[in-house]
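Participant: Can you keep this structure in mind? I'll have questions shortly.
Taken together, the values in this text are just the output of simple stated rules run on the coordinates, not laboratory data. Keep in mind the model is a prediction, meaning the values are calculated, not measured. As a convention, Cβ positions derive from the backbone with ideal geometry for all residues, glycine included, and neighbour counts pool all protein chains shown.
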Amino acid sequence: MTRIEGSRDKEGAGQGVVTRRLDPIHGPSVLAAPEFLLDKESLDLLTAPVAAIRGKLSHNPHTAAVILAGGTGERFGRIGGKQTLELQGKPVLTWSAEAFDAVSDVGLIVIVAPEERMDEYCREAIDGFPFVTPVLMAPAGVLRQESSFSGISRVPSTYEFIAIHDAARPLVTPELIGHTLSAVRGNLDADGAVVGYPAIDTLKIVSDEGIIGTPDRSAFWVAQTPQAFRSDVLREAHATALAEGFVGTDDSSLVERIGGRVLLVQGPRNNIKITVPEDRLAIEAGLGMWLQERV
Ligand code: CTP
Ligand code: MG
């Protein structure tokens, strides 16, 4: 199923952060609203943090975003999964997609979702939000790598760069995405750039017998998403992995194994992935701080 949303008419709509706050007591539009709007549910809706970063779209975008929301969220354990879980007033998937919508060089957002849930994800996480970037859905695979391949396959060859992101990392910001894209675009000999941060804990190599080594920590970084690549290299990396039966845990590993040069962009440690229930608290706190900073 293919679905395209959004329009291209917001170019130049302003660089600043836009905050939309509806105050149920002082907002004239609300005072004028019929009484039935002021029941508990409506008040919750009106007072929910809806600070939004405004979507931007350049006339000549070079990048397509592939947002991976095709997992089942087993470790998180919620019926309905984690993508539509509302944190600080918005579904996890919406937070991630909005960050890409706010990057003007991103001209297309492909959301990879389980085929039977595409409509639901669109309805709950996309349709009700003011995206300016066209949104396309792609069917997920069983493995993350298959989902990534599915999303990449939907990107027209006119896009020079593809940025992959785990939808489950809602704390991603337009600034971090922009920084990652600049790293690839600004380095002609780089095939990609990956967000991560240097390992801060001491690492151990462990076997059934116990600890067998303590590697030099300074060489280790924790890799996250977004991960941005030159499209042709990423396509070749996926095709090669598929042909050779290689399965990696991220997209960068596929590019690395065909000899691609991938840079590491240092990001904030709080760009965490919602994986287990305990992550929810940290992500909500992060989004809350983010909202406060931007109000
Ligand atoms: N993902 C995907 N397709 C898959 C597996 C994962 O698009 N077949 C996506 C997830 O939706 C998530 C991201 O890849 O946004 C990172 O995966 P993970 O955190 O492992 O999420 P889930 O696979 O959903 O969770 P779990 O492994 O606990 O089932
Ligand atoms: Mg998984």
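Participant: Work out how much length Asp189 to Leu291 would gain on full extension: take 0.36 nm times their residue separation and subtract the Cα-Cα distance, in nm to one decimal.
Facilitator: Numbers: separation 102, 0.36 × 102 = 36.72 nm, distance 3.73 nm.
So the chain would gain 33.0 nm between Asp189 and Leu291.
Participant: While we're here: Which residues' amide hydrogens lie under 5 Å from the amide hydrogen of Met137, considering only partners 5 or more residues apart or on another chain, with H built in the peptide plane?
Facilitator: Arg3, Ile111
Participant: Oh, and also: Are there any trypsin sites (Lys or Arg not before Pro) in segment 166-261 that are in a DSSP loop and have at most 14 other Cβ atoms within 10 Å? List them by number.
Facilitator: On the way: sites: Arg185, Lys204, Arg217, Arg230, Arg235, Arg257, Arg261; in loops: Lys204, Arg261.
Filter output for segment 166-261: Lys204, Arg261.
Participant: Taking the Cα centroid of segment 66-113 and of segment 139-171, what is the distance between the two, rounded to the nearest whole Å?
Facilitator: 12
Participant: Now, a different point. Apply the Karplus parameterisation 6.51 cos²θ - 1.76 cosθ + 1.60, with θ equal to phi minus 60°, to every residue of segment 148-161 and state each ³J(HN,Hα) to the nearest whole Hz, in sequence, with x for glycine and proline.
Facilitator: 4, 4, 4, x, 4, 5, 7, 8, x, 5, 5, 7, 6, 10
Participant: Please report, in cubic angstrom per residue, the volume enclosed by the convex hull of the alpha-carbon atoms of segment 145-250.
Facilitator: Taking only Cα atoms, segment 145-250 has a hull volume of 159 Å³ per residue.
Participant: Work out from phi, with θ = phi - 60° and the Karplus expression 6.51 cos²θ - 1.76 cosθ + 1.60, the ³J(HN,Hα) of each residue of segment 107-118, listed in order in whole Hz, and give x for Gly and Pro.
Facilitator: x, 7, 10, 9, 9, 9, 9, x, 3, 6, 10, 4
Participant: About the Cα centre of segment 53-294, what is the dipole size in debye to 20, counting +1 per Lys and Arg Cβ and -1 per Asp and Glu Cβ, all else neutral? Show your work: numbers first, answer last.
Facilitator: Details: 22 positive and 31 negative charges, 85 e Å.
With Lys and Arg at +1 and Asp and Glu at -1, about 400 debye.
Participant: Going by Cα centres, segment 175-247 and segment 254-295 are how many Å apart?
Facilitator: With segment 175-247 and segment 254-295 each reduced to a Cα centre, they are spaced 14 Å.
Participant: Which GluC sites (Glu not before Pro) in segment 58-104 sit in a loop by DSSP (not H, G, I, E or B) and have at most 14 other Cβ atoms within 10 Å of their own Cβ? Don't jump to the answer; show the numbers that get you there.
Facilitator: Details: sites: Glu74, Glu86, Glu98; in loops: Glu74.
Sites meeting the loop and neighbour criteria: Glu74.
Participant: Between Leu203 and Arg280, what length in nm is gained on full extension when 0.36 nm per residue of separation is reduced by their alpha carbon distance?
Facilitator: So the chain would gain 25.2 nm between Leu203 and Arg280.
Participant: Okay, next question. Please report, to two decimal places, log10 I(q)/I(0) for segment 53-294 at q = 0.08, 0.12, 0.13, 0.15 Å⁻¹ as given by the Debye formula with identical point scatterers on the Cα atoms and no solvent.
Facilitator: -0.29, -0.67, -0.79, -1.05
Participant: Which part of segment 68-98 falls in the paramagnetic zone of Asn270, meaning amide N under 14 Å from the point 7 Å along Cα-to-beta-carbon?
Facilitator: 88
Participant: Shifting gears a bit: Tally Lys/Arg at +1 and Asp/Glu at -1 over every other residue whose Cβ is under 13 Å from the Cβ of Gly71; what's the total?
Facilitator: +4
Participant: Next question, about the same structure. Extension gain Arg257-Glu160, at 0.36 nm per residue separation less the Cα-Cα distance, in nm?
Facilitator: Extra length from Arg257 to Glu160 when fully extended: 32.8 nm.
Participant: Can you sort Lys82, Lys56 by how many other beta carbons sit within 10 Å, fewest first? The partial results should precede the final answer.
Facilitator: Working: Lys82 28, Lys56 21.
Going from least to most buried by this count: Lys56, Lys82.
Participant: What GluC sites (Glu not before Pro) in segment 231-288 are in a loop by DSSP, with at most 10 other Cβ atoms within 10 Å of the Cβ?
Facilitator: Answer in residue order: Glu278.
Participant: Among Gly141, Val106, Gly80, whose Cα sits farthest toward the positive end of the charge dipole of segment 53-294 (+1 at Cβ of Lys/Arg, -1 at Cβ of Asp/Glu, about the Cα centre)?
Facilitator: Of the options given, the answer is Val106.
Participant: Could you go through segment 171-186 in sequence order and give the Karplus-derived ³J(HN,Hα) for each residue, using 6.51 cos²θ - 1.76 cosθ + 1.60 with θ = phi - 60°, rounded to whole Hz, and x for Gly and Pro?
Facilitator: Listing the rounded values in order: 8, 5, 10, x, 5, 5, 5, x, 4, 5, 5, 4, 4, 6, 5, x Hz.
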